[in-house]
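The values are calculated or read from the model by the stated rules, or taken from the named source; none is laboratory data. Keep in mind that what you see is a predicted model, and the values were worked out from it rather than measured. Reconstructed Cβ throughout: ideal geometry from the backbone, glycine too, with neighbour counts over all protein chains shown. These area figures cover heavy atoms from the full protein model, side chains too; ligands, DNA and RNA do not enter into them. Shrake-Rupley method; radii C 1.70, N 1.55, O 1.52, S 1.80 Å.
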Amino acid sequence: MLPKKGRTASTSIGHNGPEDGRRRSTASTSRMAGGLAEAKQVRETGDWSSDSKLSAIHNGYWEDPFFRFFNPTDPSKIRRTSLICRGYYVRFRVCDYFLRRLIKDIGEPIQVVSLGCGMDSCYFRILPELENMICKFFEMDFKTVIKAKKSVIAHTPILRVMAEERLKLLACDLRFVVTLHETLKNNGFEFDKPTVFYSECVVNYLGPNETTNILEWITANVPNSIWLAYEQCNALDGFGQIMLSHFVKNGCPLLSLISAHSREDQEAQLRRAGFKVSQVINAWDAFIKIGTDDPPHFPRLKNAEHQFDEYEQLIATSLHYSVRVGLNGDLARKSKITELLDKFHLHLVPSSRQPGIAYETVKNSHALKLDILQGTYLPTLSGHETIVINSNTLLTLGGSGESSVRMKHLIRSQISFMEDDGNPQELSLSDPFEDYSATATAAEVHIVGSSGPLTVKSKILLENADHYERIHSCAVFIPGSAKSKESHDSVLIFGGRKSPKVPCSNDLIELNVNKIDSKVNIASVIMSSKFDGSCPKPRWRHAMSACLKEGAPHVLLFGGRNPDMVLGDCWWFQVDEFNWSEVPSSSGVGSWPTPRHSHAMASDMNGSTVYMIGGVSEDDTTLCEHSFWIYQAETDKWANIDEWNSFARRVGHSVVKNRNWLVIVGGYGADSSYGFDFLAAICDLECNTVKIVTQTLPLNDIYLPFGFTASVLHDEKTKKHKIIVFGGGGNCFSFGTHYNQVCYLLTINE
């Protein structure tokens, strides 16, 4: 998205950075020339960020009657997605909460210094509540920004009155700490007075030494001080790489981020600078804690355009920002402040692991072999559904493709593993490959992973918007051998959505897999509310799994969401009888899962046990506390396995079951910045052990751990089961869109 041009009021606060982020040059003359060019680019991206805030305010995410004075753009002409508006709301809520709380908890009138203030309205927004707690408020930025802001205030009576006694607008180049010192000294700053130094997305745009100089200057010159900053973090994963690239392309590189990109690095940076107490809190974890203490997490909006269904993308964005707090002098011993930080720290400590289960965390591949595969000609989709219909054949339907286009296709992919002699196992697919994006012509593609070549043959079988155009649907495979009245293999499809306000119908669609090579339509509606009113409501982000109940094939469905609410109902579909029946909820605390969406299920078709993992809770934001559930079909009872809840609290994940092990793949976990991210968790159901594999994918293979599918295939040659993971990705906030171009194979070393 291109920045707006010709704006009279500029801003240096926003996800796209302050003017302080101008790239440095060794020669002073080239530095000045480069600085002018960089300043223009940053102002333009700052305008885009300011418009995003204005859009969020206009659409009801939060109230700020002063912001419109600093951005006079007609908000009805600004279109920002609900993902971008929610991302800015997370930032607003976290920054506003910590700034207000820290000022209050100091307990005496203080000074506030806003570094890289831009055209933000922070001072005016907090003054009515904190007027008696703020004696002076200094805002510092480049000369052009300060000049523009002074002009707005001078021509706006209410701002002029509010600013008269306390607000001081100071032009300063923050790259030079000497200039910072002299500017404050010459404008009435009291070095002995308790002071909060506050910045939003500023220091990462300075050079590492320039950031260090500011922090060390604060601890050396202002003995009772607090550093409060909101900055990017976690640059060394797939999303972080996309974020870094975005700022480089915009001419605003994050110069300091790599030198202190993790929570541990950022806390160490504050300690080295001399702060007695340092704590860095992930923005998403902070936001969740704030919303839990002061609900709701998000306001309920009436605007239909802001229906939301990008949970993983929002979490991914928020996991890449952090709140940095440093305390110095007497303020490091202030009980209210330390208690505030402890409250967030305690929230982030993983729950104690119960006895009776053995945990192991491994960072190498001795528990699980990882093969990275590129150019596989497997569909590049997100939010799709994949079903295994035999040991080496996948059917893929729905999802969204590049440019977020909804797909309407049923795609077959046949996979073979290489023999020891280098020849692939035989596949029978004579039709040429029709690439769903109409960009490829090859009939098959040979790819090389770390263990050898793999052959993939894919083909579009059918295109039908009614049957296959659906995102976040569910499908299960029912072998003909399990049926008593029919003999053909089937795939049953239910739910999904077109958009967050348009769900698919509650028709149950059956694919006759035995006719997959014929030219006829293999899909038919076998159950609908038009036939019988006893059907689950339309929904998406639900979970389904097939198993045996009383010796007959059944499909279990739980939860999901629709445009109005998160669901917690449970249904059986009796395959032989073509009949839905709702399972009555049990009485008693803990005996029934709470409503949820974005969870996952797995089971064996020849067994009677269904496993349900993870999900987003009824508040539509937090991850479910009780996240590892087992449903016994023969007794119609749910049971929560408390000691396995901690690592199962996830969203964006997939779950596969094979023999005695259950594997949870990818996604984002609870308290993700505190050790809950993993490539896979291998649960041995027989030995009651869990191996959490934290191995990461290479940085040059950018991978986003959501929106993918995971399926179990069988390698006939080695007699091993392999999990193939492909697809995934999507919008990355305002940083662009990325669909995963690589897939990977997981082989469990049993």
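Before moving on, here are some points about what is shown:
- Scanning region 510-555 for residues that are of a type in the set (Phe, Trp, Tyr) and open to solvent by less than 10 Å² (accessible area, probe 1.4 Å) returns a single hit, 540.
- Among the residues of region 613-637, just one is aliphatic (A, V, I, L, M), farther than 22 Å from residue 288 by Cβ and touching a residue at least 60 places away in the same chain (Cβ under 8 Å), namely 633.
- Criterion: open to solvent by 10 Å² or more (accessible area, probe 1.4 Å), in contact with a Cys (Cβ under 9 Å, 6 or more places away or on another chain) and modelled with pLDDT under 60 - qualifying residue of 31, 22: 22
- For first residues located in region 99-117 and at positive phi and in contact (Cβ under 8 Å) with a residue 24 or more places away in the chain, partners that are open to solvent by less than 10 Å² (accessible area, probe 1.4 Å) and among the hydroxyl-bearing types (Ser, Thr, Tyr) and lie 6+ apart or on another chain with Cβ distances below 9 Å form the pairs 116/12; 116/199; 116/205.
- With respect to the conditions (1) under 20 Å from residue 64 (Cβ atoms); (2) of a type in the set (S, T, N, Q); (3) at pLDDT below 95, residue 121 falls short on a single one, namely (3).
- Residue within region 609-620 that is of a type outside the set (Asp, Glu), surrounded by fewer than 21 Cβ atoms within 10 Å (Cβ to Cβ) and over 20 Å from residue 309 (Cβ atoms) present: yes
- Breaking point among (1) among the polar types (S, T, N, Q); (2) surrounded by fewer than 19 Cβ atoms within 10 Å (Cβ to Cβ); (3) under 27 Å from residue 403 (Cα atoms), for residue 718: (3)
- The residues listed here are 190, 164; of these, the one that is within 26 Å of residue 101 (Cβ to Cβ), out of contact with any helix residue (DSSP H, G or I) (no Cβ under 8 Å at 6 or more places or on another chain) and either surrounded by fewer than 16 Cβ atoms within 10 Å (Cβ to Cβ) or free of Cβ contacts under 8 Å to residues at least 40 places away in the same chain (or both) is 190.
One line per residue, one yes/no per condition, for (1) at pLDDT below 85; (2) open to solvent by less than 40 Å² (accessible area, probe 1.4 Å); (3) under 13 Å from the mean Cα position of the chain (by Cα); (4) more than 23 Å from residue 244 (Cα to Cα):
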{"residue": "673", "(1), (2), (3), (4)": "yes, yes, yes, no"}
{"residue": "682", "(1), (2), (3), (4)": "no, yes, no, yes"}
{"residue": "691", "(1), (2), (3), (4)": "no, no, no, yes"}
{"residue": "707", "(1), (2), (3), (4)": "no, yes, yes, no"}
{"residue": "710", "(1), (2), (3), (4)": "no, yes, no, yes"}
{"residue": "736", "(1), (2), (3), (4)": "no, yes, no, no"}
{"residue": "739", "(1), (2), (3), (4)": "no, yes, no, no"}
{"residue": "747", "(1), (2), (3), (4)": "no, yes, no, yes"}
{"residue": "750", "(1), (2), (3), (4)": "yes, no, no, yes"}
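- With respect to the conditions (1) in a strand (DSSP E or B); (2) open to solvent by 50 Å² or more (accessible area, probe 1.4 Å), residue 178 falls short on a single one, namely (1).
- For region 127-148, a residue qualifies if it is under 20 Å from residue 193 (Cα atoms) and part of a helix (DSSP H, G or I), and the qualifying residues are 127, 130.
- Residue 458 modelled with pLDDT of 85 or more and outside any strand (DSSP E or B): no
- Flag for residue 611 being over 23 Å from the mean Cα position of the chain (by Cα), modelled with pLDDT of 95 or more, of a type outside the set (Val, Ile, Thr) and farther than 28 Å from residue 727 by Cα: no
- Boolean, residue 336 is among the charged types (D, E, K, R), under 22 Å from residue 104 (Cβ atoms) and open to solvent by 30 Å² or more (accessible area, probe 1.4 Å): yes
- Restricting region 467-505 to residues that are among the basic types (Lys, Arg) and assigned to a loop (DSSP other than H, G, I, E, B), the residue that is surrounded by the most Cβ atoms within 10 Å (Cβ to Cβ): 470
- Some residue of region 556-570 being closer than 27 Å to residue 412 by Cβ, part of a strand (DSSP E or B), in contact with a Phe, Trp or Tyr (Cβ under 6 Å, 6 or more places away or on another chain) and open to solvent by 10 Å² or more (accessible area, probe 1.4 Å): no
- For region 466-496, the tally of residues that are over 19 Å from residue 654 (Cβ atoms) and out of contact with any Gly (no Cβ under 7 Å at 6 or more places or on another chain) stands at 11.
For (1) open to solvent by 20 Å² or more (accessible area, probe 1.4 Å); (2) modelled with pLDDT under 90, each residue gets a yes or a no:
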| position | (1), (2) |
| --- | --- |
| 233 | no, no |
| 250 | yes, yes |
| 259 | yes, no |
| 282 | no, no |
| 285 | no, no |
| 290 | no, no |
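- Number of the exception - residue 156 against (1) under 37 Å from the mean Cα position of the chain (by Cα); (2) open to solvent by 10 Å² or more (accessible area, probe 1.4 Å): (1)
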